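Data block below; observations after.
The values are calculated or read from the model by the stated rules, or taken from the named source; none is laboratory data. This is a predicted model, so every value here is computed, not measured. Cβ sites come from the backbone with ideal geometry, for glycine too, and all protein chains shown count toward neighbours. The accessibility values were calculated without ligands, DNA or RNA, using every heavy atom of the protein model including side chains. Shrake-Rupley method; radii C 1.70, N 1.55, O 1.52, S 1.80 Å.
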Amino acid sequence: MQHRARTAGVRVRGLLAVAGVAVMAGLMLTGCGRKERTPADEGASLREKAAATASELRAAAEEAKDDIKKATGEAAAEIKEAAGEVKAEVAQKVQELTGGADVKAVELSYSIFFPAMHSQYKTAESWAREVERRSGGRVKISLFPGGTLTKAPQAYDGVVNGISDIGMSCLAYTRGKFPLLEGLDLPLGYPDGAAATRIANLMVEKYKPAELKQVHVLYFHGHGPGILATRKPVAKLEDMAGLKVRATGLSAKIVESLGGVPVAMDQGATYEALQKGVADATLCPMETLKGWKQGEVIKSVTDTSAIGYTTAMFVVMNQKKWDALPADVQKVFSEVSAEWVTEHGKAWNASDAEALAYVKELGHPITTLEAAEEQRWVAKVKPILDEYVEAATAAGLPGKEFLADVQAALAAKP
């Protein structure tokens, strides 16, 4: 096909060259002043030759056009044939995997506490669609955002009890239920969400904690360093005295150690609490101020990244549902989940950057603690780390080793 098109093109170009030579030859003969022919005779001769050449050019062009059209049609036919062969191969593979039986897609429900407009919900949604795609349509995942299937504190038990097949929520919403993994949320100075996400998965993979034995773990992720967003500026420890701060899990201990009063609630209730003065502040990642619109109801932000904590979040599946999946479908879930660890980390970092710009647009001041003041805050939260190790050790858990590994991972930096 390509050869035919090239041949036609060569022929056209050849005729164009002949025409050019003919014109030049005529001009040369005229210039030589041959007596036997008048200029009118030469002009007539040139016009005849040009007309003949033009006629041949038109014929060659039409032939080339037909050849190219035919070649294009043959190429399209070959592409269609190849696509049909691929489709047939896929169908044959499905037949091999299913023994020739008609297979109905496995339908799974996924409870996510994030609202539908949040970047982490969208990242989870893209994970679900990728699992569906790679499974060849053998899995169908229905997502339920904003706690519409199970509320954030009930998401884990909802998976265990089969209310949802998959669930995403925070370890911190069920304080005491995950005694070893609570070490992930300690105020260790996490630099960003990508680091928090990476380290959470490293620790879960290494320790395989018994507290997760009721479910199949798909992956974990965690937000960037918690900051203090307030209804009035906070620049020193004394400003924290009696301040009612929305906090959950270990972040509640951080508030207590700094002299504040923790107010426990999930993110969905925080906007109204800040708006009505039920809470004076919230200890949260920067992204929350935009993702949950809380920037609208605060007046100031204090950069407390020196004691930056994270909130580790699980994505888990009901164990029986997992066990019932074919091995190749389980492999799809595992492979996509491993890839989405990075995707969630990227999403957290992007959200923090967007929220910082958003806070600046709102005109809220961002207070940076002076170096000496920062060390006062670090010293205040140090007992929390010690308490974690003591409590974990008393429960027969490797809290000391776990904490050391998290700190080493933070120091290493990828």
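At a glance:
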| item | result |
| --- | --- |
| Residue match in segment 174-188 (condition: touching a Ser or Thr at 6+ places or on another chain (Cβ under 6 Å), open to solvent by less than 10 Å² (accessible area, probe 1.4 Å), of a type outside the set (S, T, N, Q) and more than 22 Å from Leu258 (Cα to Cα)) | no |
| Matching option when the condition is touching a residue at least 24 places away in the same chain (Cβ under 8 Å) and open to solvent by 30 Å² or more (accessible area, probe 1.4 Å), among Val278, Val255, Val234 | Val278 |
| Pair list, Cβ under 7 Å, 6 or more apart: segment 343-369 residue within 25 Å of Asp239 (Cα to Cα), other residue open to solvent by 70 Å² or more (accessible area, probe 1.4 Å) and outside any helix (DSSP H, G or I) | His364/Lys299; Pro365/Pro233; Thr367/Pro233 |
| Any hit, segment 153-173, residues being within 30 Å of Glu374 (Cβ to Cβ), assigned to a helix (DSSP H, G or I) and open to solvent by 30 Å² or more (accessible area, probe 1.4 Å) | yes |
| Selected residue (criterion: farthest from the chain's Cα centre (by Cα)) from residues of segment 130-148 that are open to solvent by 60 Å² or more (accessible area, probe 1.4 Å) and within 12 Å of Tyr110 (Cα to Cα) | Thr148 |
| Among residues of segment 235-259, those that are outside any helix (DSSP H, G or I) and either among the acidic types (Asp, Glu) or over 19 Å from Pro225 (Cα atoms) (or both), counted | 5 |
| Any helices (runs of 4 or more DSSP H) falling wholly within segment 305-414 and containing at least 1 residues that are open to solvent by less than 60 Å² (accessible area, probe 1.4 Å) and under 18 Å from Ile199 (Cα atoms) | 327-362, 371-394, 399-412 |
| Filtered residues of segment 260-275 (kept if open to solvent by 40 Å² or more (accessible area, probe 1.4 Å) and assigned to a loop (DSSP other than H, G, I, E, B)) | Ala264, Asp266 |
| Residue match in segment 281-298 (condition: free of Cβ contacts under 8 Å to residues at least 60 places away in the same chain, in a loop (DSSP other than H, G, I, E, B), open to solvent by 60 Å² or more (accessible area, probe 1.4 Å) and more than 28 Å from Gly176 (Cβ to Cβ)) | yes |
| Subset of segment 195-228 (residues that are without any contact (Cβ under 8 Å) to a residue 40 or more places away in the chain and either closer than 17 Å to Ala338 by Cβ or in a helix (DSSP H, G or I) (or both)) | Val204, Glu205, Lys208, Ala210, Glu211 |
| Answer residue from segment 189-231, given it is basic (Lys, Arg) and farther than 26 Å from Pro365 by Cα and is surrounded by the most Cβ atoms within 10 Å (Cβ to Cβ) among those | Arg198 |
